[in-house]
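As structure tokens, the structure follows; a few thoughts come after it.
The values are calculated or read from the model by the stated rules, or taken from the named source; none is laboratory data. Fair warning: this is a prediction, and the values are worked out from it, not measured in the lab. Virtual Cβ from ideal backbone geometry, glycine too; neighbours counted across all protein chains shown. Surface areas here come from the heavy atoms of the whole protein model, side chains and all, with no ligands, DNA or RNA. Shrake-Rupley method; radii C 1.70, N 1.55, O 1.52, S 1.80 Å.
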Amino acid sequence: MSEHSHEELLARVSSDYYLENRSKVEIAVSHDISRFQVARLLTEARERGIVEIKVHYPAHISAAEIRQLESWLGIREVIVADSTSGDEDQARGILAKAAAAEISRQAPAGGTLGISWSRILDVASMLVRDLPRCDIVQLAGALPTEGESNPLELIQRLGHLSGGLTWPLWSPLVVEDPTTAAGLRRQPEIAGALAKADSLDLAVVAIGAWKSGGSTVWERAEAEVREAAVEAGAVAECSGRLLNAAGVAVESGLDEQIIAVTVKQLQRTEKVIAVSHGRARADAVRAVAKAGFVTTLIVDIPLARALADLMDKENSQ
């Protein structure tokens, strides 16, 4: 490989990681290298000045600003986790710790807790130390990523802590063939878990943005399906369900391939904890807030700042 082509590889890998928010595993697959090589290339890119990192620490988010966000979003409680230092994995861990605390605090004794899968919620499930006795429902099918656990393991961990019944979804989240997806929904075990989502006391979900790097589901959907959803107005993704800027569920071909809780089921749930992070997800969080089902929102400081900016912009119009 020539020096020029090597530098181009450094730039492309760095762009994928720092600008597109792709994981090292995803980058490794697209460039046909190992994730350890990706890590070395990122280090080399910084050392050679191909990547320059500037950290701008945001001002403290005051209690008054948080109350303003709660009022503007129409959400009962907004929790801002101080994740301004460290790398992405460390920031994710701080958000996961906050989510674990809320899961323990709000878990319904004798009730039903439903939870979706995301990288943050996966870590959160490992940090939960205590739960009252309650049933645990998996709200979205499996979306495995290399090097991380899966929704079934998450459900088993929480079920072991709670001592209640568990309702796993023995299915992928995204099924390639709509006919196969329909058949899976008719399977008694899967149908039972999906029906259990009708009577949740607490749901825990993650909010993604419907764009490249903003949602793990985006990468699993076929290009024509995801672009059609964009044209239909989708800006947010929550447990595989898409919403437009007004908080209305977007009907798309993806719905026929998804095995997960629906927006209507979440809207019927008394308490919903939602987790999201990063400035790029501000519009998505705003959209989900308009859907009206989130009661507790957990975000990092960059996302809180982006939401505040969006609030100021809307209020000035």
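Tabulated data for the structure shown
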| read-out | value |
| --- | --- |
| Failed criterion for Ile75 (all others in (1) outside any loop (DSSP other than H, G, I, E, B); (2) at pLDDT 85 or above; (3) open to solvent by less than 40 Å² (accessible area, probe 1.4 Å) hold) | (1) |
| Only one of Asp16, Asp82, Asp89 that is open to solvent by 50 Å² or more (accessible area, probe 1.4 Å), modelled with pLDDT under 90 and under 28 Å from Leu173 (Cα atoms) | Asp89 |
| Unmet criterion (only one of (1) out of contact with any strand residue (DSSP E or B) (no Cβ under 7 Å at 6 or more places or on another chain); (2) over 18 Å from Leu202 (Cα atoms); (3) in contact (Cβ under 8 Å) with a residue 40 or more places away in the chain) for Gly292 | (2) |
| Breaking point among (1) polar (S, T, N, Q); (2) open to solvent by 10 Å² or more (accessible area, probe 1.4 Å); (3) within 17 Å of Ser212 (Cα to Cα), for Gln267 | (3) |
| Filter result for the condition that a residue is at pLDDT below 95 and outside any loop (DSSP other than H, G, I, E, B), over Ser149, Ser125 | Ser125 |
| Residues being polar (S, T, N, Q) and part of a helix (DSSP H, G or I) - total across segment 4-49 | 6 |
| Filter result for Ser30 (among the small types (Gly, Ala, Ser), under 30 Å from Leu297 (Cα atoms), at pLDDT 85 or above and surrounded by fewer than 15 Cβ atoms within 10 Å (Cβ to Cβ)) | no |
| Boolean, Leu266 is part of a helix (DSSP H, G or I) and free of Cβ contacts under 8 Å to residues at least 40 places away in the same chain | no |
| Residue match in segment 243-252 (condition: closer than 19 Å to Pro172 by Cβ and in contact (Cβ under 8 Å) with a residue 24 or more places away in the chain) | yes |
| Every pair of residues 6+ apart whose Cβ atoms lie under 7 Å, when the first sits in segment 7-36 and is touching a residue at least 24 places away in the same chain (Cβ under 8 Å) while the second is polar (S, T, N, Q) and open to solvent by 50 Å² or more (accessible area, probe 1.4 Å) | Glu20/Ser212 |
| Selection within segment 215-224 - of a type outside the set (Ser, Thr, Tyr), crowded, with 23+ Cβ neighbours inside 10 Å and under 20 Å from Leu19 (Cα atoms) | Val217 |
| Answer from Leu161, Leu154, Leu131 - the residue that is part of a loop (DSSP other than H, G, I, E, B) and among the hydrophobic types (A, V, I, L, M, F, W, C) | Leu131 |
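Rundown of residues vs (1) at pLDDT 90 or above; (2) open to solvent by 60 Å² or more (accessible area, probe 1.4 Å), yes/no style:
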{"site": "Leu202", "(1), (2)": "yes, no"}
{"site": "Ala206", "(1), (2)": "yes, no"}
{"site": "Lys211", "(1), (2)": "yes, yes"}
{"site": "Arg226", "(1), (2)": "yes, no"}
{"site": "Ala234", "(1), (2)": "yes, no"}
{"site": "Cys238", "(1), (2)": "yes, no"}
{"site": "Arg241", "(1), (2)": "yes, no"}
{"site": "Gly253", "(1), (2)": "no, no"}
